[in-house]
Amino acid sequence: MIRLYRKTIEPLLYAIGYTVLLLFRAIGQSHQLYFKRREILEQMFIAGVGSLFVVSIVSVFTGMILGLNTGLGLRDFGAEGQIGLLLTITLTREMSPFMTSLILAASVGSAMAAEIGTMKVSEEIDALEVMSISPIRYLVMPRIVGFSLMVPVLCVYSAALGILGGGIVGHFQLGIDIISYFQDVYYRISSVPGLKDLYVGLLKGYVFGLSIATISCSQGLRTEGGAIGVGQTTRKAVVTSFLMVIFSGYVLTALFYK
C-alpha cells in the first residue's frame, strides 16, 4: 500500500500542486504584462497564425461531416432543414472549443513543453536563476497569457468555418436552401440561448487554453533525464492536456446547462 502511494498517488499530488502553484505564480507576474508585450504577442502569433491552417482544414471538414450525418438523420423525419440550428448549437457550445483545444494541445502545447524541457535539461533555466531572472516572468507568464487569449479567438473562427462547411454540404448534397440555412444560423446566434452558447464556448476556450499552457509549462519545468526525459515530458503534457480538456469541458457544460 505504501509502495502504491509512493509510486502513483504521491507523484500525482505533487504534479497537481506544482501546476496550480505555477499558475498562481504566473498570475502574480501580471504586473509585468506591459513589459513582456513583445513576448506575449509572439506567443499569440505562434498559437494563432501558426495553427491557422490546421484549424481551418479540420473545422471545415468537421462541419461538413456533422452537417451530412445530421441532415441524413433528420431527412427520415422531413426535418433536414433544421441542420443550421443544430450545427450552430453544437459547434458554438461544444465542438469548436473542444476540437480547437485538442489541436493546439497536440501542436503548440507539445512544442511548448519540449522547448522548456530542453532548456531545463541543458541547465538554461538554472542560468536564468543565477542571473536573477525569474523563469516564471521570462518564460511561463508570456506563454500562458498569449496562448489563453488566442484559443477563444480560434474557437470563434473554427465555429464559423464549421457552419460554412455544414452549409456547403447541406446545399449541394441535401438540397437545403443556402439562404434559409444562414437565416437559421443568424436567428440562433442572435437569440438569448444562442448568445449564451457563444459566451460559454468562449469561456471554455479560455479555460482550455489556460489549462493547456499551464500544464505544458509545468511539465517542461519538471523535466529531467536528458533527451529521453524531454520526450516523456512532451507525451505527458499532451496526454494530461487532453484529459484536462475533457474533464473541464464536462464540468463547464454541467455548470451552465443544468
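So the check is Cβ under 9 Å with 6+ separation or different chains; which pairs have a first residue in the range 118-142 that's in contact (Cβ under 8 Å) with a residue 24 or more places away in the chain and a second one that's among the β-branched types (V, I, T) and open to solvent by 70 Å² or more (accessible area, probe 1.4 Å)?
Hits for this filter: M141/I27.
Name every residue in the range 17-40 that is of a type in the set (A, V, I, L, M), exposed (fewer than 14 other Cβ atoms within 10 Å of the Cβ) and modelled with pLDDT of 90 or more, in order of residue number.
Residues satisfying the conditions are V20, L21, I27.
Residues being closer than 10 Å to I163 by Cα and open to solvent by 40 Å² or more (accessible area, probe 1.4 Å): count how many of those fall in the range 66-76. Full working, then the answer.
Residues of the range 66-76 closer than 10 Å to I163 by Cα: 66-67.
After this cut, where a residue has to be open to solvent by 40 Å² or more (accessible area, probe 1.4 Å) as well, the list is 66.
Final tally of qualifying residues: 1.
Given the conditions (1) under 30 Å from S96 (Cα atoms); (2) out of contact with any helix residue (DSSP H, G or I) (no Cβ under 6 Å at 6 or more places or on another chain); (3) not aliphatic (A, V, I, L, M), which single one is not true for R143?
(2)
Please verify whether L139 is of a type outside the set (G, A, S), out of contact with any Ser or Thr (no Cβ under 9 Å at 6 or more places or on another chain) and either assigned to a helix (DSSP H, G or I) or within 21 Å of L41 (Cβ to Cβ) (or both), treating the condition exactly as stated.
In short, yes.
For residues that are under 15 Å from the mean Cα position of the chain (by Cα) and closer than 15 Å to E115 by Cβ, tally how many sit in the range 216-240.
Going through the range 216-240 one residue at a time, the tally reaches 4.
If the Cβ limit is 7 Å and pairs must be 6+ apart or interchain, which residue in the range 6-32 that is more than 18 Å from T233 (Cβ to Cβ) and free of Cβ contacts under 8 Å to residues at least 40 places away in the same chain pairs with which residue that is open to solvent by less than 40 Å² (accessible area, probe 1.4 Å) and β-branched (V, I, T)?
Qualifying pairs under 7 Å: none.
Looking at S96, S122, S110 in this structure, which one is closer than 16 Å to R143 by Cα and polar (S, T, N, Q)?
S110
Which pairs do you get when a residue that is within 16 Å of G167 (Cα to Cα), found in the range 83-108, comes within reach of a residue that is of a type in the set (K, R) and open to solvent by 10 Å² or more (accessible area, probe 1.4 Å), reach meaning Cβ atoms under 7 angstrom, with the pair 6+ apart or on two chains?
Once the first residue is within 16 Å of G167 (Cα to Cα) and sits in the range 83-108, its partners that are of a type in the set (K, R) and open to solvent by 10 Å² or more (accessible area, probe 1.4 Å) give L85/R188; T88/R188; I89/R188.
From the list G84, G63, G117, which residue is crowded, with 17+ Cβ neighbours inside 10 Å, modelled with pLDDT under 90 and touching a helix residue (DSSP H, G or I) at 6+ places or on another chain (Cβ under 7 Å)?
Among G84, G63, G117, only G84 is crowded, with 17+ Cβ neighbours inside 10 Å, modelled with pLDDT under 90 and touching a helix residue (DSSP H, G or I) at 6+ places or on another chain (Cβ under 7 Å).
Consider V49 against the criteria (1) β-branched (V, I, T); (2) within 30 Å of G146 (Cβ to Cβ); (3) touching a Ser or Thr at 6+ places or on another chain (Cβ under 7 Å): it satisfies all of them except one. Which criterion is unmet?
Every listed condition holds for V49 apart from (3).
Conditions tested, residue by residue: (1) within 30 Å of E80 (Cα to Cα); (2) open to solvent by 10 Å² or more (accessible area, probe 1.4 Å).
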residue	(1), (2)
M131	no, yes
M141	no, no
S148	no, no
L161	yes, yes
L164	yes, yes
G167	yes, no
Q173	yes, yes
F182	yes, yes
S190	yes, yes
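The values are calculated or read from the model by the stated rules, or taken from the named source; none is laboratory data. This structure is a prediction, so every number in the text was calculated from the model and none was measured. In this analysis, Cβ positions are derived from the backbone assuming ideal geometry, glycine residues included, and neighbour counts consider all displayed protein chains. Ligands, DNA and RNA are excluded from the accessible area calculation, which covers all protein heavy atoms including side chains. Shrake-Rupley method; radii C 1.70, N 1.55, O 1.52, S 1.80 Å.
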